[in-house]
Amino acid sequence: MTAAWTRIQDLKDRLEKKWRKGIFLAQRITPENFTPLRIPLKHPTARELAHDFAAARDWVAHWVFHESAPDRAGFDIEWHAFTHRSLGKNRLPAAVIFPTLADVVSFLGKTRQTERFHTLFHIITGRFPPLAGLLLDHPLTVLQHDKVWEKLLSILDFMTGHPRPGIYIRQLEIPGVDTKFIETHKAWLVKLLTCVLPETAVDEGIKGPAAFENRFGFLSRPTRVRFRFLDPDRSIMGLSDLEIPAHDFARLPVQPDTVFIVENDITALSFPFFPNALVIFGRGYSLSVLSEARWLTNKPVWYWGDLDTHGFAMIDMIRHYFPQTRSFLMDEDTLLSHPPLWGKEPSPINRDLPLLTPDEARVYDALRYHTHAPNLRLEQERISFTIVRRAVKDIQRI
């Protein structure tokens with residue numbers, strides 16, 4: 001029974017939870033929001049007093065000691081007086097009260113951190129007033145960046161003076177700030193820069209590996225497309241396997257009649273000959289980089305991915321850009337003719353894919369609803385190359 005009675009460590013644990021939410025730090029900036037903090041204590045019931053009076057007496061002594069210790073804990077005890085029919089008049093600690101915020105943070109041993117936050121808040125908002133709300137919402141993050149605030153503020157100074165600078169991060173000339181520093185602090189810088197920059201200088205909704213650069217107008221590493229000409233006569237200066245920036249692929253000088261997209265690199269390297277065609281090495285869900293290549297809208301595009309739920313999601317995705325895309329070797333006959341080669345998909349999806357054809361949707365539904373086996377997956381590299389050649393010849397006859 002005694003384990004349920006509140007002790008000093010329980011009180012600290014409860015207040016630590018509030019501290020981790022930043023409540024007390026924020027109240028240091030807005031002291032008018034603090035009112036004396038009363039925390040009820042779980043104390044012995046009348047029945048517990050009668051059955052274990054010695055333990056209850058020790059519990060009361062525990063609180064009296066902490067209230068009257070030379071280095072007083074910073075709280076007052078609210079006592080509850082009562083008369084017990086067999087034990088007579090008694091009183092028990094009913095709650096503790098912290099009269100001031102200083103008492104709370106002193107009790108937690110957080111006085112230094114609290115005063116440091118107060119100092120940082122006024123330094124930062126003195127230079128960038130719009131950051132006040134963000135700092136109050138994330139006071140612990142402010143403290144976590146204590147040693148680097150001057151560098152962070154230098155970045156904000158530069159960006160407010162040069163919005164959307166159009167340079168690589170590597171080219172920034174800010175003392176003490178290098179690419180690694182920005183990489184390390186990107187998540188916090190996103191919040192800071194979004195607060196201090198005008199809306200016209202921030203591209204909202206950007207995602208992907210270069211999200212930070214694109215969001216704030218830095219140059220980013222060009223996304224690259226790897227492809228291979230399937231007809232040696234259509235190579236570029238004798239080169240058949242190339243990897244170039246996506247914006248260069250969008251202006252490809254040698255445009256084939258047919259385009260294949262496959263996900264497996266070895267499959268792309270071994271893909272059979274096809275007249276005036278090329279095969280693109282798939283990029284999974286990053287296939288959207290092909291959207292710049294508008295010349296693809298007028299070409300037959302054939303997609304072959306793994307026979308799993310994500311493979312069909314990629315078909316659905318690429319049809320947003322190139323509706324004419326057709327799949328091959330992702331049909332029910334191919335799936336059901338390879339049971340010895342079936343594997344398991346680690347994390348299948350289960351959402352509607354509106355751009356699938358009826359035949360594709362039937363196979364996709366069988367996969368996501370586990371019709372043939374749980375989490376079924378047939379990887380493209382497991383399919384016999386004889387079947388691949390036959391499928392490609394069938395496409396050539398279309």
(message) Which condition from (1) open to solvent by less than 20 Å² (accessible area, probe 1.4 Å); (2) part of a helix (DSSP H, G or I); (3) not small (Gly, Ala, Ser) is the one that residue 247 breaks?
(response) (1)
(request) Could you tell me which numbered condition residue 14 fails, if it satisfies all but one of (1) loosely packed, with under 13 Cβ neighbours inside 10 Å; (2) in contact (Cβ under 8 Å) with a residue 60 or more places away in the chain; (3) basic (Lys, Arg)? (result) (2)
(message) Which count do you get for residues in the range 282-296 that are hydrophobic (A, V, I, L, M, F, W, C) and farther than 15 Å from residue 263 by Cβ?
(response) 3
(request) Could you look through the range 307-319, keep only residues that are surrounded by 22 or more Cβ atoms within 10 Å (Cβ to Cβ) and outside any helix (DSSP H, G or I), and pick out the one that is nearest to the chain's Cα centre (by Cα)? (result) 308
(message) I'd like to know if the range 331-339 contains one or more residues that are open to solvent by 30 Å² or more (accessible area, probe 1.4 Å), of a type in the set (Gly, Ala, Ser) and over 27 Å from the mean Cα position of the chain (by Cα).
(response) yes
(message) Quick check on the range 258-290: of everything there that is in contact with a helix residue (DSSP H, G or I) (Cβ under 9 Å, 6 or more places away or on another chain), open to solvent by 20 Å² or more (accessible area, probe 1.4 Å) and not in a loop (DSSP other than H, G, I, E, B), which residue is nearest to residue 382 (Cα to Cα)?
(response) 266
(message) If I go through the range 206-229 residue by residue, how many of them are open to solvent by 60 Å² or more (accessible area, probe 1.4 Å) and either in a strand (DSSP E or B) or on the phi > 0 side of the Ramachandran plot (or both)?
(response) 3
(request) Specify the residue that is farthest from residue 329 (Cα to Cα); the eligible residues are those in the range 365-377 that are within 28 Å of the chain's Cα centre (by Cα) and either in a helix (DSSP H, G or I) or among the charged types (D, E, K, R) (or both). (result) 368
(message) Can you name every one of the helices (runs of 4 or more DSSP H) wholly within the range 98-188 that holds 3 or more residues which are surrounded by 14 or more Cβ atoms within 10 Å (Cβ to Cβ)?
(response) 101-108, 111-127, 132-137, 139-144, 149-161
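Select from the range 230-244 the residues that are part of a strand (DSSP E or B) and either open to solvent by less than 50 Å² (accessible area, probe 1.4 Å) or touching a residue at least 40 places away in the same chain (Cβ under 8 Å) (or both) and list them in ascending order.
236, 242, 244 - these are the residues of the range 230-244 that are part of a strand (DSSP E or B) and either open to solvent by less than 50 Å² (accessible area, probe 1.4 Å) or touching a residue at least 40 places away in the same chain (Cβ under 8 Å) (or both).
The values are calculated or read from the model by the stated rules, or taken from the named source; none is laboratory data. The shown structure was predicted, so the numbers you read here are calculated from the model rather than taken from an experiment. Positions of Cβ are generated from backbone atoms using ideal geometry, with glycine treated the same way; all protein chains shown enter the neighbour counts. The protein model used for the area step is the full one, side chains on, heavy atoms only, and it has no ligands, DNA or RNA in it. Shrake-Rupley method; radii C 1.70, N 1.55, O 1.52, S 1.80 Å.
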